[in-house]
Structures are given as C-alpha cells and as structure tokens.
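Novice: Below you will find the structure I want to go over with you.
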Amino acid sequence: MAVYEYGGFRFHTKGSLSSPGTKTLIISSHGIQTGTKAYPAVIQFAAPKGTVLIAKLSDAINGNVTASEIALKSGGQPDDYKLTYYEKDPDDNAIDGLLKNDADVLTFSKSYTDSTIVKLSLVLTCLKQWGFLYPGILCLFCRGQVRSQRPVVDGKPYAPKYRGAQSGTSQQVNQHQINATALMLEMKAKGLSK
C-alpha cells in the first residue's frame, strides 16, 4: 500500500495508479456547490444535491456508503464543487489499513487547499491528464450551496443533513458502469477503440 502525492492530491492505493482497472476512486473532502461545469465522465455522489453529508470514509471503503445520485453525461450542465481538506479523515496508516482491491482514495493536503482553489472539474481534468482513468468515481463530500445562497430558516442559512447509506439501485448502476467503462478503457489501451 502506498500514498502517491501529486502536488496536494494524495492518492491512497493497494495497487498501481497507472492502471486502476475496475477500481472506484473515492474522493474524500469538504465540498460546496460553486456553479456548473461539464464533467468528462459520469460521477456518483454519496449525498443528494443540496445536502450536508454525514458519512465516514471507512464506511465508503467498506461499501456501507454508496452513491445516492449519479451525475448525467448529457442533458444540462452538472454542478461543480469546491473541494477542501477534510480534517476528519483517518490518517494515512488507517486509510491504508482499510483499503481493499476495489477502491482507491483521493484526499487533499490542508496546505494545498488553503492556497489553491480545487474544484471537482479540476480533479477530473487532472485525472484524465495523468492517465488515472477510473471507471467509477464516488464523491464523498457535502453538496450544499454556498451559505449566502442557502434558504434562511430561523435566521440561519439552512441545508438538510443526509446520512450516507447504501443504495441498491445506485450500486447496480455503478457496477454496470464500472464494467462497461473498464472494458472501453481496456479496448482503448489495446488500440481496438478510438
């Protein structure tokens, strides 16, 4: 098991980053909606749009927290999210001890997200440029609006809380997507597809 650092991106894996195969990448961070940006891939969210997520990275790695919504490839522009260091993630050794063969984890260093604006769209662009082509990406972060744009309830900006859980339907869609994408990536690597 290793932690690979690319700037402030911290990849935790049991295998190789260069050939993730059918692994899912779990992105663990704080998140807040910032606007819209087209995604180059289908992205899965552990929290419904507009909610504050309550979930542990360990539960996501163990499959107890799965996607509740999936961003579509077409039909309007999906939301983009600002991502920052999440202080409640386990330390590197604990993450390495939790990892299984079916998922890698991406976290961020505090110094990096304190000095650089990191958006989900940037992460996806970097993954593509670096050749880390994961067939499944699970976003384990809040999807609430910026506080100034939230509805005011009892004098305070409000976003509902969502406790991460398993979703059988999303899991099935996720597995089909991972299998299809992994096959396409393998064909592309062998020069059988454009």
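The values are calculated or read from the model by the stated rules, or taken from the named source; none is laboratory data. Only a predicted model underlies this, so the values are computations on that prediction, with no experimental measurement involved. Positions of Cβ are backbone-derived with ideal geometry, glycine not excepted, and every protein chain shown enters the neighbour counts.
Novice: Can you find even one residue in the range 58-74 that is at pLDDT below 80, over 25 Å from residue 110 (Cα atoms) and part of a strand (DSSP E or B)?
Specialist: For the range 58-74, residues at pLDDT below 80, over 25 Å from residue 110 (Cα atoms) and part of a strand (DSSP E or B): present.
Novice: For residue 83, state whether it is at pLDDT below 90 and either hydrophobic (A, V, I, L, M, F, W, C) or surrounded by 17 or more Cβ atoms within 10 Å (Cβ to Cβ) (or both).
Specialist: When the stated conditions are applied, residue 83 does not pass them.
Novice: Which of (1) modelled with pLDDT of 90 or more; (2) more than 26 Å from residue 52 (Cβ to Cβ); (3) surrounded by 13 or more Cβ atoms within 10 Å (Cβ to Cβ) does residue 178 not meet, given it meets every other one?
Specialist: Among (1) modelled with pLDDT of 90 or more; (2) more than 26 Å from residue 52 (Cβ to Cβ); (3) surrounded by 13 or more Cβ atoms within 10 Å (Cβ to Cβ), the lone unmet condition for residue 178 is (1).
Novice: Counting just the residues of the range 127-149 that are surrounded by fewer than 16 Cβ atoms within 10 Å (Cβ to Cβ) and under 25 Å from residue 56 (Cα atoms), which one comes out modelled with the lowest pLDDT?
Specialist: Applying the filter and picking the extreme gives 147.
Novice: Name the strands (runs of 3 or more DSSP E) wholly within the range 1-56 that hold at least 2 residues that are modelled with pLDDT under 85 and closer than 20 Å to residue 86 by Cβ?
Specialist: Once the strands (runs of 3 or more DSSP E) in the range 1-56 are filtered for at least 2 residues that are modelled with pLDDT under 85 and closer than 20 Å to residue 86 by Cβ, what remains is 30-36.
Novice: What number of residues in the range 119-135 are closer than 24 Å to residue 16 by Cβ and not in a helix (DSSP H, G or I)?
Specialist: Qualifying residue count, the range 119-135: 5.
Novice: Still on this structure: Can you name the residue in the range 6-18 that is more than 17 Å from the chain's Cα centre (by Cα) and touching a residue at least 12 places away in the same chain (Cβ under 8 Å) and is also surrounded by the fewest Cβ atoms within 10 Å (Cβ to Cβ) among such residues?
Specialist: Looking at residues that are more than 17 Å from the chain's Cα centre (by Cα) and touching a residue at least 12 places away in the same chain (Cβ under 8 Å), I get 18.
Novice: How many residues, within the range 96-119, are within 16 Å of residue 59 (Cα to Cα) and either out of contact with any Asp or Glu (no Cβ under 7 Å at 6 or more places or on another chain) or surrounded by fewer than 14 Cβ atoms within 10 Å (Cβ to Cβ) (or both)?
Specialist: Here the count works out to 11.
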